[in-house]
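Have a look at the structure below, then the notes.
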Amino acid sequence: MPPESLAHIQFCRIENRVLKMTLDNASWLARLRFASRQIIDELHRDGVTVADVTWHVAPEKIRAEPRPQALRKRARSKASASIVQATAENMEADDLQRALLKVAEQLAKRSDG
């Protein structure tokens, strides 16, 4: 393995005779892929049995940022209540239908307009 490439290796492991390499950018992936046969041969000389190498690029680190504004509560409407009620009325009488009828009732009571 070229010594200058070591700084770009994020993670590596051997699983089922496959060396899995994760690098920090695609340009190093291309360079090391070109040397994969030599890497496998060197590992064999050290007594490590590897049949293949897979290459991966680590995802770019994304900084989490807070949302610029708080989420607004959605307004409840009588139309929503009537849609849920109509859906429930067209179902077989069961637990789901009863639950939907309760939801429709709650929406109707708390509707914003």
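Values in this text are rule-based calculations from the coordinates and carry no lab data. Here the structure is a predicted model, which means the values were calculated and not measured. Every residue, glycine as well, gets a Cβ built from its backbone with ideal geometry; the counts of neighbours run over all protein chains shown.
Mind listing whichever residues of the stretch 38-59 are charged (D, E, K, R) and either without any contact (Cβ under 8 Å) to a residue 12 or more places away in the chain or not in a helix (DSSP H, G or I) (or both)?
ASP41, ARG45, ASP46, ASP52, listed by residue number.
Considering each residue of the stretch 20-35, count those that are assigned to a helix (DSSP H, G or I) and out of contact with any Phe, Trp or Tyr (no Cβ under 8 Å at 6 or more places or on another chain), and give that number.
6
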